[in-house]
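The values are calculated or read from the model by the stated rules, or taken from the named source; none is laboratory data. The structure presented is a predicted model; accordingly, all values stated were derived computationally and were not measured. Methodologically, a virtual Cβ is constructed for each residue, glycine included, from the backbone with ideal geometry; neighbour enumeration extends over all protein chains shown. Remember, those area values only see protein heavy atoms, side chains included, never the ligands or the DNA or RNA. Shrake-Rupley method; radii C 1.70, N 1.55, O 1.52, S 1.80 Å.
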Amino acid sequence: MSQIIAVGNQKGGVGKTTTAVTLGHYFALSGKHVLIVDLDSQGHVAVNLGLSSSNGLYRLLVEKQSLPHVALSARPGLDIIPNDHTAEAVKIHALQTPFREYLIKNALAGGDYDLIFLDMPPSTNILHISALLASHYLLVPAIMDYLALESVSQILGTLTSLKGISKVKPPALLGILPTFYDRVTNETALNLHKLGEMIGVQRILPPIPKDTKVREASHHGQTVWEYAPKTKAAVGYPNNHARLRINRSLTGGYTNVAKAIMQIWRE
């Protein structure tokens, strides 16, 4: 059975797509069969992988085409369901669909994948809720600015609301992932520690350092593993800075995040 991970935050610009694409390709390179589903109307999953956006999500959810016919091969072991300007039509269709909360779960049933990442829309619309109900885990990327605590609280509040609905099983929280982390900025470190006090440090994943190589990789239609696999966003800081010793003594970087995810699964 596929493990489905929703990558979401009710605030835009926090690195959701980058996280979904980077982790998806990491696990594909590790031998897993991975699918990324783009639920965000911006359609940046395909663009980040050097492909053109297309109406894959529309074909899957509205036209009811089968998953194997809609999925595009982006890299060996990595498929995507791209999205484009038809996202609004998908949302309107979802609102008119019986049992619409399970639209995504039903569409993904029977897929031959080890891992499925759902790149969620930032607003709490029907696709956002349907993605949560389709997922086993929720991963929340969050920038450590003054709005970070509020945005994390909002999506955790949505999870709490879902738990109060009879027969609804929301995803388990995989963790909060601090993104664009700048270890020399006092405000960033302070907000990270405040977040730890609010939700518990065990729920905070290794921070992703701020790194221009990630933006450059996206511009070239490549993942960080192709463009700069040894850059700090990929492997973390070169030493274990004291401010990052908040969880599992890791230095940050997507490599360590992936390892932390695998450790959570084993536990």
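Data overview
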{"read-out": "Rounded if a/c under 1.5, otherwise prolate or oblate - the range 93-158, Cα gyration tensor axes", "value": "oblate"}
{"read-out": "Extension gain (nm, one decimal) between Lys163 and Ser123, 0.36 nm per residue minus Cα-Cα", "value": "12.5 nm"}
{"read-out": "Per residue accessible area in Å² of the chain, where ligands, DNA and RNA are left out and the probe is 1.4 Å", "value": "44"}
{"read-out": "Qualifying trypsin sites (Lys or Arg not before Pro) for the range 86-172 [loop in DSSP, other Cβ within 10 Å: at most 15]", "value": "Lys167"}
{"read-out": "Apportionment of accessible area to carbon and sulfur, the chain, percent (1.4 Å)", "value": "52"}
{"read-out": "Relative pair counts by distance (%), Cα atoms of the chain, 5 Å bins", "value": "1, 6, 14, 18, 20, 17, 13, 7, 3, 1, 0"}
{"read-out": "Probe 1.4 Å - accessible area at Asp114, Å² to nearest ten", "value": "70"}
{"read-out": "Contour minus Cα-Cα distance for Ser73 and Met1 (0.36 nm per residue)", "value": "23.9 nm"}
{"read-out": "Glu226 versus Gln65: modelled label distance in nm, points set 7 Å from Cα along the beta carbon direction", "value": "2.2"}
{"read-out": "Cα shape, the range 113-228, gyration tensor, a/c 1.5 rule", "value": "oblate"}
{"read-out": "Pair Trp265, Gln202: separation of 7 Å Cα→Cβ label points (nm)", "value": "2.1"}
{"read-out": "Assigned charges on the beta-carbon of Lys, Arg, Asp, Glu; the chain dipole about Cα centre (debye)", "value": "640"}
{"read-out": "Rounded, prolate or oblate (a/c below 1.5 giving rounded, otherwise prolate when a/b exceeds b/c) for the range 25-81 by Cα gyration tensor", "value": "oblate"}
